[in-house]
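A quick write-up on the structure given underneath.
Any read-out appearing in this document is the output of simple, stated calculations on the displayed coordinates, not a laboratory observation. Please read all numbers here as calculations on a predicted model, not as lab measurements. Don't worry about glycine lacking a Cβ; one is built from the backbone with ideal geometry, like all the others, and counts go over all protein chains shown.
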Amino acid sequence: MDEQTARKLIVEIGKLMYDKGYVTSSDGNISYRLGENLILATPTQVSKGRMTEDMMALTDLDGNALNDNRVSSEIKMHLLIYKMRPDINAVCHAHTPHGTAFAAAGLAIDAPILSEVILTLGCVPLTAYGTPSTPELTDALKPYVEHHNALLLENHGVVAYGKDLWQAFDRLETLEHTAKIAILARTLGGANDLPPDAIKKLVNIREKAGYLPEKARCQSCGYLEDAGIACETNSVQNQNGGDTKISLTREELIELLSQAAR
Ligand SMILES: [Zn+2]
């Protein structure tokens, strides 16, 4: 996609995010990988509902500015995703009310209650709280970026990403819709989980159809374990969980213990 089309699309998606109430004020940000070391991103402190094409910032993959428009400090989260996922070219970060309610309540969106969501998005894990725009936040995301396409940021918001801008937005929308349905179902007495057999069939379909690759079986997702189809790394870890040997230096052990005691 050429730069001009990307600028137009980011403006359009920003309006959608604002109109749908996924962001208020100057919340949220959107970015697109224009080239190997070239990122186009929304500017800092501007409402996503009132952006124009000329406002976009350009940076390299390390966040160095390549034009005069100041990029949001949350770009670090986007850059981590681009570095870890060569298949990803667009990222949308927002504070969607229902998804963020899960993140504020300390809950992942990982119950197998909707067939379409198992097919297209899979599980959305909760990543530990980190101060926005600092390495705390990116460090908390690292363990999840590879196998998930959307994440909850504890006490903050949500992020979704895809091969292009529309796929990133669609995943954000699916996440928010799922969170809303899950909350509504709870007010009706709770949603019923799909049984392991049904989950197995859905995962087979999603792999055959190319909605999600087989490595999505490594998602942090209790229902994949229950259905006996979690990826091998996970199962090995779980089987050997109690016996796995680790080694720490004296300093590392002291640091760990003092962190735990804090
Ligand atoms: Zn944010």
For Ile10, only one of the following conditions fails: (1) out of contact with any strand residue (DSSP E or B) (no Cβ under 7 Å at 6 or more places or on another chain); (2) buried (at least 21 other Cβ atoms within 10 Å of the Cβ). What is its number?
(1)
Looking only at region 91-121, which residues are farther than 12 Å from His177 by Cα and within 11 Å of the chain's Cα centre (by Cα)?
Val91, Cys92, His93, Ala94
Output yes when any residue across region 7-15 is out of contact with any Asp or Glu (no Cβ under 7 Å at 6 or more places or on another chain) and part of a loop (DSSP other than H, G, I, E, B), and no when none is.
no
Being within 13 Å of the ligand (Cβ to nearest atom) and in contact with a strand residue (DSSP E or B) (Cβ under 9 Å, 6 or more places away or on another chain) is the filter here, so list the residues in region 128-141 that pass it.
Tyr129, Gly130, Pro132, Leu137, Leu141
If we scan region 151-162, do we find a residue that is in contact (Cβ under 8 Å) with a residue 12 or more places away in the chain, away from the ligand (no atom under 16 Å from the Cβ) and assigned to a helix (DSSP H, G or I)?
no
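Quick grid of which residues meet (1) farther than 21 Å from Gly130 by Cβ; (2) in contact (Cβ under 8 Å) with a residue 12 or more places away in the chain; (3) in contact with a Lys or Arg (Cβ under 8 Å, 6 or more places away or on another chain):
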site: Ser31; (1), (2), (3): no, yes, no
site: Met56; (1), (2), (3): yes, yes, yes
site: Tyr82; (1), (2), (3): no, yes, yes
site: Pro86; (1), (2), (3): yes, no, no
Given the residues Ala90, Ala128, Ala105, which is the only one that is under 21 Å from Tyr22 (Cβ atoms) and surrounded by fewer than 17 Cβ atoms within 10 Å (Cβ to Cβ)?
Ala105
List the strands (runs of 3 or more DSSP E) that sit entirely inside region 21-134 and contain at least 2 residues that are over 24 Å from Glu154 (Cα atoms).
29-35, 38-41, 57-59
